[in-house]
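To keep things clear, I will list the structure first and then write my remarks on it.
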Amino acid sequence: MTNLRELLEILACPQCKGPLSLADQSTVQALRPQWVEKWQKQADSQSAPSGELEGGFICTACQLFYPVVDGIPDFVLDDALALQK
Ligand SMILES: [Zn+2]
């Protein structure tokens, strides 16, 4: 995850331009079912990921989780998951 930590220093939330934090693995595990369900609803989508959800970035201001799939961060707002408290 070293590369993600380096990325963290140059990345900002695409919505609010605020700082991001790296999601811990328990958060990633908790959001995985939500992430899978989101993509299953778009089963006809050509952009459905074939990889594994391996991490993510969190914007605490927006309460959004930006997934990292196979080492590739996805900062498309439509792909972000809402954090549940
Ligand atoms: Zn934000």
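Every read-out reported here was derived from the displayed coordinates using simple, explicitly stated rules and does not represent laboratory data. Not measured: the values here are computed from a predicted model. Quick reminder, even Gly has a Cβ in these numbers, built from the backbone with ideal geometry, and neighbours come from all protein chains shown.
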Residue-averaged 222 nm ellipticity for the chain, from DSSP H runs of 4+ at -39500 (n - 2.57), nearest 500: -8500 deg cm²/dmol
What order do you get for 10, 72, 58 when you list them from fewest to most C-beta neighbours inside 10 Å? 10, 72, 58
Can you list the residues, at least 5 places off or on another chain, whose amide H is less than 5 Å from the amide H of residue 23, using H built in the peptide plane? 56, 57, 58
For the chain, find the longest principal axis of its Cα atoms and tell me its angle to the long axis of helix 25-40, 0 to 90°, nearest 10. 40
Contour minus end-to-end for residue 5 and residue 41, with contour as 0.36 nm per residue of separation and end-to-end as the Cα-Cα distance? 9.8 nm
10 Å Cβ shell holding at most 15 others, DSSP loop, GluC sites (Glu not before Pro): longest site-free stretch of the chain: 10-51
For Cα pairs less than 8 Å apart in space and 6+ apart in sequence, what is the mean separation divided by the residue count of the chain, i.e. the relative contact order in percent? 26
